[in-house]
1. Testing the spin-label approximation: label points 7 Å from Cα along Cα→Cβ at Arg213 and His259. State their distance in nm.
2. Sorting check: for 108-119, 16-27, which peptide has the highest mean count of neighbouring beta carbons within 10 Å, and how do the rest follow?
3. Which of Phe165, Gly70, Met127 sits closest to the plus end of the dipole of region 18-179, meaning its Cα is farthest towards the positive end, when Lys and Arg get +1 and Asp and Glu get -1 on the C-beta?
4. What angle, in degrees between 0 and 90 and rounded to the nearest 10, separates the Cα long axis of helix 186-201 from the longest principal axis of the Cα atoms of the chain?
5. Using the per-residue mean of other Cβ atoms lying within 10 Å as a proxy for protection, in what order, highest first, do the peptides 186-198, 152-164, 232-244 fall?
6. Within the chain, how many Lys pairs that are eight or more residues apart, or on different chains, come under 28 Å at the alpha-carbon?
7. Relative to the present Cα-Cα distance, how much length would full extension add between Arg54 and Arg274 at 0.36 nm per residue of separation?
8. On a 0 to 90 degree scale, rounded to 10, what angle separates helix 219-228 from the longest Cα axis of the chain?
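What follows draws every value from the coordinates through simple rules; no lab data is involved. Note that the structure is a prediction, hence the values are computed from the model and not measured. Because the Cβ atoms are built from the backbone with ideal geometry, glycine has one as well, and the counts that use them run over all protein chains shown.
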Amino acid sequence: MPTPLKDRLPLPPFSLQVSSPRYAYFRRQITQRRDLSLIAAGREVCNRDYRVERRGFPCLTMEYVADGRGTLLLNRQSYPLHPGVLFCYGPSIPHLITSREDQPMSKYFVNFFGDESRGLLRDGGLMPGTAVQSPDIETLSLLFDQMIAHGARDLRHAETICASFLRIIILKASEGLKPSHPRESPMAENFSRWRAHLDQHFEQLHDLGELARDLRVRPAYLCRVFRRFGYPSPFQYLTRKKMNRAAQLLAGEGLAVKHVAAAVGYSDPYHFSRVFKNHFGQAPRHFLAQSSRSPADPPLSTGIQGGKAT
């Protein structure tokens, strides 16, 4: 049987400076273990005044920025935080995390321990006290979402499954990994600003050309920047936003298909239905019928097809 670590402090409570939190809990204490073991994982939207300062943390922790911008002081080194930045800390690693008031961050975290952990982080280039930039934002966000979803179900093998997700996240993040520079690059700054614009206006936007005109940038360069940060194209990202919002309206509010199509910017409900079926694998009418029988969450988006959105 594992024995508790006598020199460990209890885990600090989660921050109260967040909204819309989603958490999964695995263990109550840190113990001497050889294998990778999880304490908790979650996703949080930072308040505008978000500020967390610690001298260290009782166990290893990885955080991943999915949206917004902020600043990180890690081991006395300052880093800009923006989508795709992954950083790790643990015992005796001082850190200060703040979020920008005009672009509050959404970020994931996972607390873990075990002898296996250090080897995984070392092989993945993510040792405690480091901050890196991953180009595959979309995939990492989906993996974190899956980890939280499985962990929240409290099933028999939840921790084993979620530990496997963490191993994949570390290995996946190491592909094309680049050190996070103390100064944010112009490309990263542009990407954060353009993605925020798309997130805010996706229901009204119709195609890549319209988005490029709004941002006053060439479509080819816009696509190149999105690919650099892990997205196949800005149009596919736009389509994913529209379809996920459509699924929420169908499942949560039970709106008619033609009204949902109009709400997410499709003037032709038949074209909307084709895009929805390509995206989720079933027609919106079938999705609506299933949702009315069960309160299940909308299906996870795993892929999208190209095409014009109007």
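1. 3.1 nm
2. 108-119, 16-27
3. The residue sitting most towards the positive pole is Met127.
4. Between helix and principal axis, roughly 50 degrees.
5. Details: 186-198: 16.9, 152-164: 14.8, 232-244: 20.5.
For the peptides 186-198, 152-164, 232-244, the packing ranking is 232-244, 186-198, 152-164.
6. Here the count comes out as 16.
7. Working: separation 220, 0.36 × 220 = 79.20 nm, distance 5.04 nm.
Going from the current span to full extension adds 74.2 nm.
8. Between helix and principal axis, roughly 30 degrees.
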